[in-house]
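Report on one structure; see the data block that follows.
The values are calculated or read from the model by the stated rules, or taken from the named source; none is laboratory data. Remember, it's a predicted structure, so these values are computed and weren't measured experimentally. Note that we place each Cβ from the backbone using ideal geometry, even for glycine, and neighbour counts take in every protein chain shown. When the accessible area is computed, the model is the full protein with side chains, heavy atoms only, and any ligands, DNA or RNA have been set aside. Shrake-Rupley method; radii C 1.70, N 1.55, O 1.52, S 1.80 Å.
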Amino acid sequence: RIARVEHGAELRAVMGGGTTIISAGSSVRCLQHELEGYGIDLERELEETQRELGIREIPERFLGTRSCLLMKAAASLGLDMAPMPKCIDYDRCDICGTCMAGCDRHAKWTSLDYILRARKAGATVWYATEALRIVEGDEANGVAYRRSDGSEGTVWARSVVVAAGGLETPVILQRSGIEAGAHLSVDPLTHMYGFVPGERFERELPMPLLLDRSDDGYIISPNINKSAVKSYVATQGRSDLSTANVIGLMLKIADSREGRVYEDGTVSKRITEADEELFEKARRTARALLEEAGADPNTIFETSVNGAHPMGTAAIGEVVDSFLETRIEGVYVCDASVLPVTPGLPPIVTIVALGKWLGSLLCETP
């Protein structure tokens, strides 16, 4: 049950805008109260983030037959499955359903917006450049880098913020002599599908609804991986099953912090007995939802477990302090790696708010 993945084998968005480019735009608050326990009050920053990202629930006109069936099924089971908050400009959206492949219509917010604003304000952005490690100095710290042409150098600054994500940040820190990489969590997920023969659903946005059972350790949201469905249909020999009449549910659990990222970039992660228990709860709920929505019980199948949202590898109270500073004065970390608890929810909104909080703190530092 332990997978050691070689560096580069995971699906990553190594580009300007990072994972926000391939996100579904799902935008929910999480870990606000947990961070308050470390003296980090994000209420002002979360409100600002909500406004800047244009976050609001999916309008009713964007909910198709699948969503309506699922909401009705959930209500029949005494469950509250509600429209998902999204950072989408619905006036630009044409419901193509390919949010996770980028957004040609620029309807979905991505952190490229902040990069463009920073450049207009005078920031210099280097692409095709790898940050190697932190170099400690007497009056300033540096970042050693290597460019795509092979040239290397060091950039010096009074303050350095490492924000390479839950998998890359701990690598940079370990190369810099800072202990990091333990307690990796990835919000494990699986998909359960069922077919409604004779139905033909229209296209919808990914993850249009949210059944938030995070108090029980899991969430469920409609989502379809068409390639996985097509592969399954090809093995069944049935002409009445297709991506047009399938209902898909993503089951995501709040992970145990059992993984590790090593200095060479490899990763180890296991599914614990506690994780399996949470998945079983989610599976029972998902199966009941599919059957109540009209799916043929004999067509229900589940995909293998994978993970999203790597975090916790430079956690507050372990690798950084409550100001997000490492043991090296002036070197901070601000991304999912500092989150000390796994939420089982999309962390983008919290990460943006945390960045705003640290930015304000650095501006006030003499």
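Per-residue 3J(HN,Hα) values for the stretch 60-65, derived from phi via the Karplus relation 6.51 cos²θ - 1.76 cosθ + 1.60 with θ = phi - 60°, read 4, 5, 8, 9, x, 4 Hz in sequence order (x marks Gly and Pro). Near Leu42, no amide H atom lies under 5 Å from its own; only residues 5 or more places off or on other chains count, and H is placed 1.01 Å from N.
Distant-in-sequence amide contacts of Val135, defined by a placed amide H-H separation under 5 Å and a gap of 5 or more residues or a different chain, comprise Gly142, Val143, Ala144.
Under 5 Å from the amide H of Val161 lie the amide H atoms of Tyr332, each residue being 5 or more positions distant or on a separate chain, with H modelled from the backbone and absent for Pro and chain starts.
The Rg/Rh ratio of the stretch 25-138, with Rg taken over Cα atoms and Rh as the Kirkwood radius over Cα pairs, comes to 1.08. A 1.4 Å probe run over the protein chains yields, for the stretch 53-154, 59 Å² of accessible area per residue, whole-number rounding. Of the residues Thr124, Thr285, the one with the largest accessible area comes first in the ranking Thr124, Thr285, computed with a 1.4 Å probe on protein heavy atoms.
The gain in end-to-end length when the Glu52 to Ser159 segment is fully stretched comes to 36.0 nm, 0.36 nm per residue minus the alpha carbon separation.
Surface composition of the stretch 204-253: carbon and sulfur atoms hold 44% of the protein heavy-atom accessible area at a 1.4 Å probe. Normalised by residue count, the chain yields a Cα convex hull volume of 153 Å³ per residue. When Cys334, Cys363 are compared by accessible area at a 1.4 angstrom probe, the order from most to least is Cys363, Cys334.
His106 contributes an accessible area of around 130 Å² to the protein surface, as traced by a 1.4 Å probe with all chains present. With the simple model of a label 7 Å out from the Cα in the direction of the Cβ, Glu277 to Glu325 spans 4.1 nm. With all protein chains kept in place, the per residue accessible area of the stretch 212-252 amounts to 44 square angstrom at a probe of 1.4 angstrom. Label separation (Glu136 vs Asp264): 2.6 nm, computed from points 7 Å beyond Cα along the C-beta direction. Sequentially through the stretch 126-132, phi angles give Karplus couplings (6.51, -1.76, 1.60; θ = phi - 60°) of 9, 9, 6, 9, 9, 7, 9 Hz, Gly and Pro residues having no value and appearing as x. Here the 3J(HN,Hα) profile of the stretch 77-93, calculated from phi with Karplus coefficients 6.51, -1.76 and 1.60 at θ = phi - 60°, is 8, x, 10, 10, 9, 10, x, 7, x, 9, 9, 10, 8, 5, 6, 9, 6 Hz, Gly and Pro shown as x.
For the chain, the number of Lys pairs with C-alpha atoms closer than 23 Å, counting only pairs eight or more positions apart or on separate chains, is 17.
Every Cα-Cα pair in the stretch 74-175 was counted, and those over 15 Å apart are 76% of them. When shorter helices are ignored and each DSSP H run of at least 4 residues is given -39500 (n - 2.57), the per-residue value for the chain at 222 nm works out to -8000 deg cm²/dmol.
Note on the stretch 188-265: along the principal axes its Cα atoms extend 49, 32, 19 Å, ordered by decreasing extent.
Taken about its Cα centre, the chain carries a charge dipole of about 1180 debye when Lys and Arg each add +1 at the Cβ and Asp and Glu each add -1 at the Cβ. Of Lys356, Lys252, Lys72, Lys120, the residue with the largest accessible area leads and the full order is Lys120, Lys72, Lys356, Lys252 (1.4 Å probe).
Across the stretch 162-308, Cα-Cα pairs farther apart than 22 Å form 49% of the total.
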